[in-house]
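Read-outs: derived from the displayed coordinates by stated rules, not from any lab. Just so it is clear, the model here is predicted, and its values are computed rather than measured. Please note: Cβ atoms are built from the backbone with ideal geometry, for glycine as well, and neighbour counts cover all protein chains shown.
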Amino acid sequence: MIRASIVRSRIDIEALTREAASPSCGATAVFLGTVRAENEGRSVDGIEYTAYDAMAEREMTLILDEARSRYSIESAIVEHRIGELPVGDASIAVVVSHPHRGAAIDALRYIIDETKARATIWKLEQYTDGTREWVGSGTGQPE
Amino acid sequence: MTVTVRLFASYAESLGKHQIVLDINEGATVDDVVRQISTLPGAHRLPPLPLVAVNCAYAAKGTRVFDGDEVALIPPVAGG
């Protein structure tokens, strides 16, 4: 089972972990990305995430398919939240289940790295001094 | 024919809109769409060769576009 979603409400990591769990899997690897209070020396108040929803979900589904081929994972879910998020809120969750921990962790790393580089999602950082800036460096294409 | 051009993030701010319906000649390519967009006010702030997607898939500049296609100009992404 794989699922990739853009969401607008708070990420429920416990529900995602239950969704990905399987009796045949001894390992469930979880990554939760949260909004940081500092970026490159600037004090961050929050981040506004926007997305090209349909393409982001399509690209994230492709990434999960690639991870399933490379690591033989049983289940993988990625949820990316968009909208205005304050410091500390989770913006992305990735959950992977596999019979063994090594492949689960490797797949998790692959999915988060590729999602950051390829999914059509943008962030507008809002700083505590009232300024804001689009940040981004992902090429948007598979490596 | 017409194609719908979607703009996001800094590109949408530069052109002051999120969507443009473009009249373009039959047989046009992604490159033709980008060239036509580059004549609009604010487009000087876009890179000369932005990433482009056609109907939600990344597309090379020589890709043909067809009536009703959705063409998106993709700024550098920053998920996570």
Per-residue average of Cβ from other chains inside 10 Å of A:115-126: 5
Surface/4 estimate of mean projected area, convex hull on alpha-carbon atoms of the protein assembly as shown, nm²: 13.1
Phi to ³J(HN,Hα) by Karplus 6.51 cos²θ - 1.76 cosθ + 1.60 over the range A:104-110, Hz, x for Gly, Pro: 4, 5, 4, 5, 4, 4, 4
FRET efficiency estimate (nearest 0.05) - Cβ-Cβ, A:S24 to B:V21, R0 45 angstrom: 0.35
Cβ charges +1 (Lys, Arg) and -1 (Asp, Glu), total dipole of the range A:47-143, debye: 280
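How well do other chains shield peptide B:43-56, expressed as the mean number of their Cβ atoms within 10 Å of each residue Cβ?
Across the residues of B:43-56, the mean count of other-chain Cβ atoms within 10 Å is 2.
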Test item: Cα-centred dipole of chain B, Lys/Arg +1 and Asp/Glu -1 on Cβ, debye: 280
For A:58-67, mean number of other protein chain Cβ atoms within 10 Å: 1
Virtual spin-label span in nm between B:R45 and A:M1, 7 Å along Cα→Cβ: 4.4
Listed residues A:S72, A:A29, A:P86: farthest to the positive end of the dipole of chain A (Cβ charges): A:S72
Distance histogram for the range B:2-74 (every C-alpha pair counted, 10 angstrom bins, percent rounded to whole numbers): 22, 60, 18
Contact order normalised by residue count of the range A:2-135, Cα under 8 Å, 6+ apart, percent: 37
Within-12-Å neighbourhood charge of A:E84 [Cβ basis; K, R +1; D, E -1]: 0
